[in-house]
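Enquirer: Attaching a single structure in structure tokens format; questions to follow.
The values are calculated or read from the model by the stated rules, or taken from the named source; none is laboratory data. Note that the structure is predicted; figures quoted are calculated from it, not measured. A quick note on method: Cβ atoms are made from the backbone with ideal geometry, for glycine too, and the neighbour counts reach across all protein chains shown. What goes into the accessible areas is simple: the full protein's heavy atoms, side chains included, and nothing from ligands, DNA or RNA. Shrake-Rupley method; radii C 1.70, N 1.55, O 1.52, S 1.80 Å.
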Amino acid sequence: MRIAIDYVTSNTDDKSDTIRQTELRHNPRSFLKLILLGFSIIGLPLIAALIYSATRIDQLAEQSRKTVYQATQITHGSSILIDEIIDMERSVQHAHILEDLSLLKGYFQAHVNFEKTAIKLLEVSPHLKQQLLLEKLRLFETTIFREILASYDTPQNLRDLLDQFASLLILAQDFSTENYQLIGQNVNEMSEMAAHARTLVEWELVILIPFVISLALTFSVFMARPLRQLDEAIYNMGQGKLSSAVRINGPENLKYLGSRLDWMRRRLLKLEEQKILFLRHVSHELKTPLTAIREGANLLAEGITGNLNKKQQQIADILHTSSIQLQKRIEDLLSFSALQADKTALIKQRTNLAHIITNILKDQNLSIMSRKIKIELTSPDLLLECDKQKIGIIIDNLLSNAIKFSPQGGSIKISTIQIGQIIQLDIIDNGIGIDITDEDKIFEPFYQGRSIPNSHIRGTGLGLSIAREYALAHGGDIELIKHIGQGAHLRLILPIHDPEAQP
């Protein structure tokens with residue numbers, strides 16, 4: 001049996017190690033690395049698009065430069081060819097008219113320039129059609145040159161060659177015209193290339209912008225998730241919600257921080273349990289001698305042990321009243337410890353809320369009369385399923401709180417109304433009200449607001465906390481309502497039917 005247990009334990013440890021190693025592979029070790037990884041992945045498509053666009057623009061610029069250079073050279077060369085043909089024709093014509101072969105020197109010079117220009121144009125011309133026209137032009141000019149050499153001794157024969165120069169000039173002009181057409185064609189091709197490049201850049205922007213935004217949103221959510229979990233964990237700990245474990249999914253340093261928060265949560269939970277246990281023990285230890293003190297003070301006040309003089313009677317009454325107040329404080333501590341220990345079992349029954357309010361007013365009648373407070377009660381008969389005793393404690397605490405803060409001769413408005421399946425009870429006093437800094441804390445245990453009457457003995461700060469816990473146990477709540485004027489406005493909300501009851 002021990003071997004089997006050890007085997008199962010080792011398998012469990014191996015699985016845990018495997019899961020931990022998998023998490024380490026998929027999660028970066030630090031939040032900074034996660035941010036850098038996110039920025040790298042988001043920036044990679046943009047960098048690739050920029051490089052591609054720059055490459056395309058560079059290619060387009062190079063092609064444009066090359067095309068412009070070729071067009072310039074060919075246009076200039078065509079002009080030179082035409083000029084040289086005209087010079088050659090003029091020289092031959094002068095030699096023929098004057099019958100002076102020495103005048104052919106200009107022809108030979110123009111011939112050399114024509115050859116050089118034609119060869120250079122062949123090297124520059126990118127189109128086959130241009131090259132064929134140039135070859136044809138060179139061959140025609142070479143044929144004329146050979147015939148001139150053959151007729152060098154007889155200047156009269158030069159007359160027959162003048163017509164060929166006219167044909168050569170027409171051929172050179174055709175070459176020039178063809179060059180302009182090809183240049184226009186190249187310009188159109190360059191425009192199409194530029195339009196195509198612009199279209200590609202536009203499509204890149206149309207595709208990349210939503211893609212990059214979606215990537216940024218995805219990584220923002222992914223990076224914000226552990227921070228949101230940390231914030232939620234800290235908020236829950238601040239609100240006293242210590243039952244849920246703290247789990248942080250993300251980089252290792254944030255997971256470590258989450259584990260430290262969970263350790264703090266367990267520590268606070270343990271301290272809370274110790275506090276509740278202490279309150280419970282102290283409350284029970286105080287309750288037994290308090291009972292004896294109260295009974296003794298009651299016997300003295302009633303004169304059972306003998307008649308008391310006036311001063312003795314006042315002291316006995318003070319002892320009796322103080323023992324009642326002390327018993328109320330101890331009962332609050334017991335109720336609070338029971339609430340924290342989840343031992344508040346509700347015994348629900350069909351009850352008339354107006355009867356509960358009337359009984360609470362009778363119990364508080366002495367305090368109401370001593371402070372000359374006017375009660376304005378508007379409470380029709382409203383039936384609801386509730387724990388009569390717990391609802392009585394809620395209303396008693398709310399009314400006691402209103403009486404405590406009401407001035408001498410003040411007034412308290414109590415009203416109940418049914419809204420759908422909800423009963424709403426409002427208690428409004430015209431006292432000093434609740435300080436704005438205390439509004440979010442008045443329902444916290446042991447918290448006592450700043451607005452405390454000087455003549456009143458400070459309590460335990462558990463009344464409103466216990467009242468709200470009982471209201472929540474019934475599926476309702478207690479709210480602080482902001483209103484115009486002096487005083488405080490507290491509202492109790494209760495469901496008419498038990499929310500946990502099966503239909």
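Enquirer: Tell me which of these Arg267 doesn't satisfy, since it passes every other one: (1) surrounded by 13 or more Cβ atoms within 10 Å (Cβ to Cβ); (2) charged (D, E, K, R); (3) at pLDDT 75 or above.
Expert: The one condition Arg267 does not meet is (1).
Enquirer: Is it the case that Leu158 is in contact with a helix residue (DSSP H, G or I) (Cβ under 9 Å, 6 or more places away or on another chain), open to solvent by less than 20 Å² (accessible area, probe 1.4 Å) and in contact (Cβ under 8 Å) with a residue 24 or more places away in the chain?
Expert: Against the criterion (in contact with a helix residue (DSSP H, G or I) (Cβ under 9 Å, 6 or more places away or on another chain), open to solvent by less than 20 Å² (accessible area, probe 1.4 Å) and in contact (Cβ under 8 Å) with a residue 24 or more places away in the chain), Leu158 qualifies.
Enquirer: Of the residues that make up the stretch 194-213, is at least one assigned to a helix (DSSP H, G or I) and closer than 30 Å to Leu101 by Cα?
Expert: no
Enquirer: Can you tell me which residue within the stretch 422-444, out of those that are within 41 Å of the chain's Cα centre (by Cα) and either modelled with pLDDT of 90 or more or not in a loop (DSSP other than H, G, I, E, B) (or both), is nearest to Ile375 (Cα to Cα)?
Expert: Asp426
Enquirer: Considering every residue within the stretch 447-459, establish whether at least one is open to solvent by less than 60 Å² (accessible area, probe 1.4 Å) and either within 24 Å of Leu346 (Cα to Cα) or modelled with pLDDT of 85 or more (or both).
Expert: No, because not a single residue in the stretch 447-459 is open to solvent by less than 60 Å² (accessible area, probe 1.4 Å) and either within 24 Å of Leu346 (Cα to Cα) or modelled with pLDDT of 85 or more (or both).
Enquirer: Here is a further query. Take the residues in the stretch 40-86 that are open to solvent by 60 Å² or more (accessible area, probe 1.4 Å), among the charged types (D, E, K, R) and modelled with pLDDT of 80 or more, then tell me which one is nearest to Val112 (Cα to Cα).
Expert: Here the answer is Asp83.
Enquirer: Moving on to the next point. Starting from residues that are without any contact (Cβ under 8 Å) to a residue 40 or more places away in the chain and among the hydrophobic types (A, V, I, L, M, F, W, C), keep the ones in the stretch 371-394 and report whichever is most open to solvent (accessible area, probe 1.4 Å).
Expert: Leu377
Enquirer: Hey, any hits in the stretch 283-290 for a residue that's part of a helix (DSSP H, G or I), farther than 28 Å from Glu444 by Cα and either of a type outside the set (Val, Ile, Thr) or modelled with pLDDT of 80 or more (or both)?
Expert: yes
Enquirer: Let me ask something else. Considering only the stretch 228-266, state which residues are touching a helix residue (DSSP H, G or I) at 6+ places or on another chain (Cβ under 8 Å), free of Cβ contacts under 8 Å to residues at least 12 places away in the same chain and assigned to a helix (DSSP H, G or I).
Expert: none
Enquirer: Could you check, for the stretch 182-196, whether at least one of its residues is open to solvent by 90 Å² or more (accessible area, probe 1.4 Å), modelled with pLDDT under 80, within 30 Å of Glu89 (Cα to Cα) and touching a helix residue (DSSP H, G or I) at 6+ places or on another chain (Cβ under 9 Å)?
Expert: No, the conditions are met nowhere in the stretch 182-196.
Enquirer: So is Gln421 in contact (Cβ under 8 Å) with a residue 24 or more places away in the chain, open to solvent by 80 Å² or more (accessible area, probe 1.4 Å) and out of contact with any Cys (no Cβ under 7 Å at 6 or more places or on another chain) or not?
Expert: It is true that Gln421 is in contact (Cβ under 8 Å) with a residue 24 or more places away in the chain, open to solvent by 80 Å² or more (accessible area, probe 1.4 Å) and out of contact with any Cys (no Cβ under 7 Å at 6 or more places or on another chain).
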